[in-house]
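The values are calculated or read from the model by the stated rules, or taken from the named source; none is laboratory data. Keep in mind that this is a model prediction, so the values were computed, not measured. Positions of Cβ are generated from backbone atoms using ideal geometry, with glycine treated the same way; all protein chains shown enter the neighbour counts.
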Amino acid sequence: MTTVIPTALADLPEDAFRPLRRVEFQAMVDQGLFEGTNVELVGGVLVEMSQQGQPHSQLIRLLTRLIVRSVGDDYEVGIQTPLAVDEISLPEPDLQVLPAGPYWDAHPEQALLVIEVSNSSLRFDLGEKARRYAASGYPEYWVVDVEGRQIHVHRQPSNEGWRSVEIVSSGVLRSSAVPAVVVRVDELFGY
């Protein structure tokens, strides 16, 4: 996806722009303004997400089954549902493992493990989204690289980013934030 900034807007000073806030975005969603589209709010900007290919969809299904079985009733598992990351971000990660509890009144603001299955959005998921999840203190963030058949494991968040980033392409991966979640990487990428 390429964003084209009209010449007239490109001439404006950077401080002339204001990010869209999460509450404003949610009000627009509630009014049905984005029906038929797949957009997320990240960093105050609407980001149109592309359609999922078959391997992407299959990996989400496999991970969903594995994680739901692993955590049982001890945690909530969100599948492509909004996560209130900061005041200007409301992404919909492919999976999120949340502390158990009701989330009727507001989108969850804290997750123990956030997972993005990524193909065409790999750079964005490893860049802007990773920075936002780290700055918000999420303990663990995985980016499942569909094409590369590997998982980028981010741990030890800080305001400056992740202190630990590891790429796992084989063996067994155990979540440090949710130890019940164990992935056999070779089996996951069995396509």
Residue 57, sole failed condition from (1) at pLDDT 95 or above; (2) not in a loop (DSSP other than H, G, I, E, B)
(1)
What is the residue count in region 42-63 for residues that are under 16 Å from residue 145 (Cα atoms) and among the β-branched types (Val, Ile, Thr)?
1
Number of positions in region 111-125 that are charged (D, E, K, R) and touching a residue at least 12 places away in the same chain (Cβ under 8 Å)
2
Positions within region 137-191 being surrounded by fewer than 16 Cβ atoms within 10 Å (Cβ to Cβ), in a strand (DSSP E or B) and either on the phi > 0 side of the Ramachandran plot or basic (Lys, Arg) (or both), in sequence order
156, 161, 163, 174, 184
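How many residues does region 117-136 hold that are among the hydrophobic types (A, V, I, L, M, F, W, C) and either crowded, with 23+ Cβ neighbours inside 10 Å or under 20 Å from residue 170 (Cα atoms) (or both)? So that I can check it myself, show each step before the final result.
Let us first name the residues in region 117-136 that are among the hydrophobic types (A, V, I, L, M, F, W, C), namely 117, 122, 124, 126, 130, 134-135.
If we keep only those that are either crowded, with 23+ Cβ neighbours inside 10 Å or under 20 Å from residue 170 (Cα atoms) (or both) as well, we get 117, 122, 126.
Number of matching residues: 3.
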It is to be established whether one or more residues within region 93-106 are among the acidic types (Asp, Glu), within 11 Å of the chain's Cα centre (by Cα), modelled with pLDDT of 95 or more and assigned to a loop (DSSP other than H, G, I, E, B).
yes
Which residues, taken from region 20-54, are surrounded by 13 or more Cβ atoms within 10 Å (Cβ to Cβ), assigned to a strand (DSSP E or B) and in contact (Cβ under 8 Å) with a residue 24 or more places away in the chain?
40, 41, 42, 45, 46, 47
Which number in (1) crowded, with 17+ Cβ neighbours inside 10 Å; (2) aromatic (Phe, Trp, Tyr); (3) out of contact with any strand residue (DSSP E or B) (no Cβ under 7 Å at 6 or more places or on another chain) marks the one condition that residue 17 misses?
(1)
